[in-house]
Each structure stands twice: as structure tokens, then as C-alpha cells.
Amino acid sequence: MTAAADVHPAPPTDNHAGRILVLDFGSQYTRLIARRVREAGVYSEIRSCDIGDDALAAFGPRGIVLSGGPESVTDGGGLPIPEAVFTAGVPVLGICYGMQAMAARFGGVVESSDAREFGMAELRARGHSDLLRGIEDRTGPGGEGLLDVWMSHGDRVTALPDGFRTIASSPNAPIAGIAHPARRLYGLQFHPEVTHTRQGTAILERFVNGICGCPPVRTPANIVAETVAAIRERVGEEGRVLLALSGGVDSSVAAALLHRAIGDRVTGIFVDNGLLRRGEGDQVMETLARGQGVRVRRIDAGSRFLAALRGIEDPERKRNAIGNLFIEIFEEEAERAGRASFLAQGTIYPDVIESARADTGKAAVIKSHHNVGGLPERMRLTLVEPLRELFKDEVRAVGVELGLPRALVFRHPFPGPGLAVRVLGEVREDRLERLRAADAIFLEELRRAGWYDRVAQAFAVFLPVRSVGVMGDQRRHEPVVVLRAVETGDFMTARAARLPWELLETVSTRIVNEVPGVSRVGVDVTSKPPATIEWE
Ligand code: XMP
């Protein structure tokens, strides 16, 4: 290897060598399709089903997946598939509504059925199609492949379009899969993207790696190399970048990536609002400043935040007070840090999808949690979003690749307003201190029992109501702590985790014994909906 090659390593295998376009017709599972394609090592993006011809051509897909959706094509209705999808000359896979719309487009018949099919169904593969050949959960009596699949549909295809043949059947959908092999068009009535369809990953891999010919090149090392190159390109030789560090996974991974790309030209501004969990502020400094060598300015602003929160009980007013003060302090510090022309943000791909969907009105809007929103315009800074193309699991994989500690990379999400929304009512230091102590005990015991990684989020909540207790011969009349642990994939719905009773008992005993000023421990077993995950 030459010296020059040492300095400029060979460009990575192109992560975008094959790109798959996922067109969104409004299914709740669209995002899962894009994730599964990425898991097959192939870059994918979601776009609205009304994508223009130019945008489609500019994306340059090597294959297209049409999502499901709530619409119906019966009686000539439903969202149409753009014609450019079929003139692009690439393989197309329609899922659920996507299959029905494709069948209707080519002259097949789609009808509403009284026998709606929701849940698991046994699918029989037919005709040895290149999509399903050799993929099966078991073999039927006649040697045919059988698969357990997840169905969720009312309409179904009842007559094949010209040139198509049936590649799968289920008891309620005799035409549960279709293919036009010469044109490489495929349709599946069931959902291969959900985990209940056990061979779903194999089917999607067959489509993207096999039929579309996209190689599985996307690895964490490639993503790092590509992102570092993209940051250098955007920021240039001279550009300086500011980054708001929160202590969470996304901003930490963004910091490490930026540092690898431009070294000391990125400054992390870590506004410690005093609303973090125990030891968290120090951990940020330890990991990023000492561990990664990122230049970080830590501002201990706990007392300013407490002052801003004094007397406020309403959750939304708390959030506003915290958001406004954050912006004020960030601007002061940015000024102090010196001239910068870029502001980096830890936006990840699900945020991008959500705001796009909010713009097009295709799905319910999920609240925006970004506490640096609006800053780039105010400060006249150009945005850099190194994680914009990544799903959360990819952000984590990149974090591991960059050498960030697993305890940080696999940490549960933590809300921007921090413990302020977990101390109900007015936030005061004595309440925060008790909450931090109780929360630390809960998390320590969860980790010890091997439960931390089995739940999506776990934390303690401080209730400023007083309850009677007895300790030794002393009567106490003191506040209550509640434990909340939830299981969820998307945080939009959640179920209380069924933690072992012994574990809850250990935590409760330790909290009441070790945390002065807590008389009682409760457990929150409410689902979301109707409750939310946080208490405020
Ligand atoms: P909820 O309470 O809405 O929470 O069920 C869903 C997820 O969002 C987090 N959360 C927030 N994150 N700022 C944030 O950055 C906020 O104001 C906020 N409120 C809730 C919550 O922790 C959970 O992961």
C-alpha cells in the first residue's frame, strides 16, 4: 500500500449500489418494509405514492415496493400507482393494497369480501415462483410449501390480470400472491414485513437481493465511511460545526461521526439542565470528551433551569420553559464558542418520515420532540444531519462501530425535558434528588436481573402526594414513587412489562430503605393508549 493510500483509504463499497424505493400508500407497516430492506443490506427510502416521474427517475431505484394501505380499489377508487413505476423497467413488489392496485391496473378484478382476514393464515406456495421458491415453514402432504403469514385485508383479488399467474393461496384468498415473471411484477396479499410472517425476511431478501439484484453491501463500517465522506463534502475544508449534545444515543453518535470527519472543527455544546439521571452528565463527558476526543463545552445550568421551572405545574408549560431556556443558553454558548456556519442535529430517518407524512397528511402526526427546532433559522446556520438516513438500529450499529460504550448505545430513550416530566407538579431539587436515587436503584436492579434489555423504557416517577408509612417505631408521611416499565417497538403503543414480582419487591424495599423521604412504591400497569408512557 502506498503512503497516499494510507492517507486516503480506498472508497468504501458503494452503499447505494442498489437502491430500493418504497412507495407509501398509507400503511402502518410502511416503515417496517424500508427497515427490512435495509436489514437485507440494501439502501431503501420511503416516498409518498404520488411521487412525480422526475423524482422517481432521480432516485434511480433498482426495485420498487408498493406498501399496503387503507384504501380500496373496488369501484375504480383508491390511490393510483404512478405509471412511472411500470415504465422504470425494474422489478415491482406490491404488498396487500399494493398488490390489489397492481392487479386492478393490469385488468384483474378486486372485490370486497365478507370474510375479512386479520391475523395468521396458512399460505400455500404455488407454481414454484422465483419469489417464493424454496421458502417454506413446512411441507404439505403433497410436497407443497406451506408458510405461516400475517394477513390484514378486506378486499381481495378474485380474477388474475392478463399475463399474471397465482403464486400463493390461502383459505380466504385463493389468489394470495401473483406474478408476471416476464415483466418481473409481483404481488403478495399478506405482509412479509411483519415479524409474525416467519419467512417474511427471506421473502424480502429474495426480492431485493435476488430478483432486483441488489447486493447486501450495507454494513456499519460502510455506513460510517459513507457518512464521514458526506459530512466532509457538506462542511468543506474550513467549515465549523456546532452540535447540541443531549447525552442520548443520537446526538452522541452524531458527535462521534462528526469528530471522525472533521476533528476539532466540531464543538459539542452540552447544556446540562440538571434534569438528567444520576451520573449522566459525567458519563457524556467521559465518553465523548475523554473517550472520543470530541471538543465539548459543558454548561452546568441546573440552577437556571430550576429557577425557570419554579412554581410551574402544568406539563406543557414546563416543556416550554425548558425549551426556551435551552435556546437562550445555547445561543449564548454558541457565541462564546466562536464563529460557526453549521449546526448539526441528530435527526434520524423516522423523524424525516414523520414530518414528511405530517406534510402530506398521509398519517396521524406524532408530536415533534426536537428541542433544537427553529434554531438553525434563528442563528442563520446551515443544518448538517449526519443520521438523517438511518433507522435507530442503524444508529446503534454505527455507535458500536465507532467504539461508543454499549451502555450508552443501547440506552433506553430519555425525554428532552428529562426528569422535569417525571417529577409531577412543581420541579424542585429535593424532589429531583429523591427521584434520581429511586430511578438509579430501579435501573440497577433491572440490569442485574437481565431485564433492562428486555424492556423498551423503564423509569421511576415522583408523585408529590404524601402517604403514611412506618419505619421502626416512626410514623412517616411522605411522597410516593411509581415504577414504569414498558414493552414497545414504536413507542406509539405500549404495554406495561410483566416484571417478576420478586424483582419489584427488591426494588421497592431498596427504595423505601435507601431513599430518605419516600414512603411507598407503586407500579404502573397501564397500557398506551389510553395512558402515555411518560406521566406528563
Ligand atoms: P409518551 O409519553 O408520549 O412518550 O407516550 C413516547 C416517547 O416519547 C418520549 N417523550 C419525549 N421525548 N421530549 C422528548 O424528547 C418530550 O417532551 C417527550 N415526551 C415524551 C417518551 O420518553 C417516550 O419514549
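Taking every protein chain into account, the 1.4 Å probe leaves Glu514 with about 100 Å² of accessible area, to the nearest ten. Length gained on full extension, Ile299 to Phe491, computed as 0.36 nm times the residue gap minus the Cα-Cα distance: 66.1 nm. The helix-based estimate of mean residue ellipticity at 222 nm for the chain, built from -39,500 (n - 2.57) per DSSP H run of four or more residues and divided by its residue count, is -9500 deg cm²/dmol to the nearest 500. Across the chain, the relative contact order, built from alpha-carbon pairs under 8 Å that are at least six residues apart, equals 10 percent. In terms of accessible area, using a 1.4 Å probe and ignoring ligands and nucleic acids, Trp150, Trp501, Trp451 rank largest first as Trp501, Trp150, Trp451.
Relative contact order of the stretch 81-197, taken over Cα pairs closer than 8 Å and 6 or more residues apart, is 33 percent. Taking all protein chains as they are arranged and a probe of 1.4 Å, the heavy atoms of Asp137 leave approximately 40 Å² accessible to solvent. When all protein chains stay in place and ligands, DNA and RNA are ignored, the 1.4 Å accessible-area order of Phe414, Phe442, largest first, is Phe414, Phe442.
For the residues Asp393, Asp75, Asp148, a 1.4 Å probe over the protein chains yields an accessible-area ranking, largest first, of Asp75, Asp393, Asp148. Direction-averaged projected area, Cα convex hull, the stretch 58-186: 8.2 nm², rounded to one decimal.
Please list, short to long, the whole-number percent of alpha-carbon pairs of the chain in consecutive 10 angstrom bins beginning at zero. It works out to 3, 16, 23, 22, 18, 12, 4, 1, 0, in whole percents. Among beta bridges identified by DSSP and lying wholly in the chain, the antiparallel ones come to about 50 percent. What percentages make up the Cα-Cα pair-distance distribution of the stretch 387-461 when the bins are 10 Å wide from 0? In whole percents, the pair-distance histogram is 17, 39, 31, 13, 0. Counted by Cβ distance under 12 Å from His477, the other residues give a net charge of +3, where Lys and Arg count +1 and Asp and Glu count -1. Only protein heavy atoms count here; on that basis, with a 1.4 Å probe, Val421 has an accessible area of about 0 Å². Around the amide H of Ser341, modelled in the peptide plane, lie the amide H atoms of Arg240, all under 5 Å away and 5 or more residues distant in sequence or on another chain. Each peptide among 490-497, 221-228 gets the average number of other Cβ atoms lying within 10 Å of its residues, and from highest to lowest they stand as 221-228, 490-497. Distances between every pair of Cα atoms in the stretch 253-336, grouped in 10 Å steps from 0 to the bin holding the largest one, split as 16, 41, 31, 10, 1 percent.
The values are calculated or read from the model by the stated rules, or taken from the named source; none is laboratory data. Owing to the predicted nature of the structure, the values given are computational and were not obtained by experimental measurement. Ideal geometry is used to build each Cβ from the backbone, glycine not excepted, and the neighbour counts take in all protein chains shown. To get the accessible areas, we keep the full protein, side chains included, count just its heavy atoms, and leave off ligands, DNA and RNA. Shrake-Rupley method; radii C 1.70, N 1.55, O 1.52, S 1.80 Å.
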